[in-house]
Amino acid sequence: MNPTFRFCPLSFSWVAIHPDPKGVIQFIGGAFFGTFPTIFYRYFLQTLFEEGYTIIALPFRFSFRHWSIAIELLKEHEVLRHEITEVAKSRGYQSSIYQQRKKYFWLGHSLGCKYISLLEFLSSQKWQDTVNYCVKKFDNQLTINLTANSDSPSIFDQPSLLIAPDISDTESAIPVKFIAQILDLLGLGVKPTRKETQCLIERSNLFNLTALISFDKDTLAGSKTDAHKSLKIQAESDVLWLIKELQKKPVPLLHQELEGKHLEPLGIRVQNYIVDLNPFDKFIKSIKDRQIESATIHFLDELVKRQSGI
């Protein structure tokens, strides 16, 4: 009998607890769609659940203060480890896995990938030195919040899969350029900025358990094909930049580019079709033509192999 896929609220998240999980996936979606991950990403997450994973859907909260949200996500991670364990025990499910940190995976789509990148960076022992180098104005209260407990939360040695990553700047969040520029001048824009985030990733010695899935027609996050386009497009392509940068790490990036646009992971199942609820994209597609689920499962397996070899 197949396990029942059903989300329940725990802490500030939605959790689908597998009775005998082989791992735990923590998912962060993109702006707007990630606010309701159990709806917009339902088929995608259900497929991963049926593959044998407990799913934690962390609802996206819109804010320009990405540091604060990243720290909140770290704390939520620690809370959920204990709460899921208790719920699993009460249901007679396998529960010891939730105390094994290496069994957790981070999976992001679009802007959710930026938060995961910040979580990875904050798991470095020397992250404060790097912040002092890369970031112009950093709120020291955030350091206090993060290090309040002697056992600081961390996602060290937990693999990450980034899907169509968007390292958002203020202009990405607000398409009216002059308004975005005014907010930046007033110090009210996105923090850290795209440039600061790139600096943090460049100077980090982590990101060795990272995989990336991109889409060939993605005009928001970019694609590998941007290498053959204008210098302006190359400079704005987060996918192209991450591919080049993460290939320099001691353990090179795992990457695959699929057919599709930026919102490919979205969709709910209607018989043998996936409706992605986005009239500006394909809107409906046959399940047999979907590639994202099989590619994600393949990369999760590959990351486990890489994890055991590091």
Look at A148 and say whether it is surrounded by fewer than 15 Cβ atoms within 10 Å (Cβ to Cβ), out of contact with any Cys (no Cβ under 8 Å at 6 or more places or on another chain) and either modelled with pLDDT under 95 or aliphatic (A, V, I, L, M) (or both). yes
Residue satisfying condition, being buried (at least 17 other Cβ atoms within 10 Å of the Cβ), within 30 Å of Q100 (Cβ to Cβ) and of a type in the set (D, E, K, R), within set E257, E302, E293, E236: E293
Just one of A211, A180 is outside any helix (DSSP H, G or I) and of a type outside the set (F, W, Y); which is it? A211
Strands (runs of 3 or more DSSP E) within the stretch 241-308 that include 1 or more residues in contact with a Gly (Cβ under 8 Å, 6 or more places away or on another chain): 273-275, 284-286
Taking Y104, is it within 23 Å of C199 (Cα to Cα), at pLDDT 90 or above and either of a type outside the set (V, I, T) or buried (at least 23 other Cβ atoms within 10 Å of the Cβ) (or both)? no
Filtered residues of the stretch 222-239 (kept if closer than 13 Å to I163 by Cα and touching a Gly at 6+ places or on another chain (Cβ under 8 Å)): D238, V239
Matching option when the condition is crowded, with 24+ Cβ neighbours inside 10 Å, modelled with pLDDT of 90 or more and out of contact with any Asp or Glu (no Cβ under 8 Å at 6 or more places or on another chain), among H109, H77: H109
Just to confirm my filter: which helices (runs of 4 or more DSSP H) fall fully inside the stretch 20-138 and include at least 2 residues that are of a type outside the set (A, V, I, L, M) and more than 16 Å from the chain's Cα centre (by Cα)? 42-50, 66-91, 127-134
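The values are calculated or read from the model by the stated rules, or taken from the named source; none is laboratory data. None of these values were measured; they are calculated from a predicted model. With ideal geometry, Cβ positions are generated from the backbone for all residues, glycine too; neighbour counts draw on all protein chains shown.
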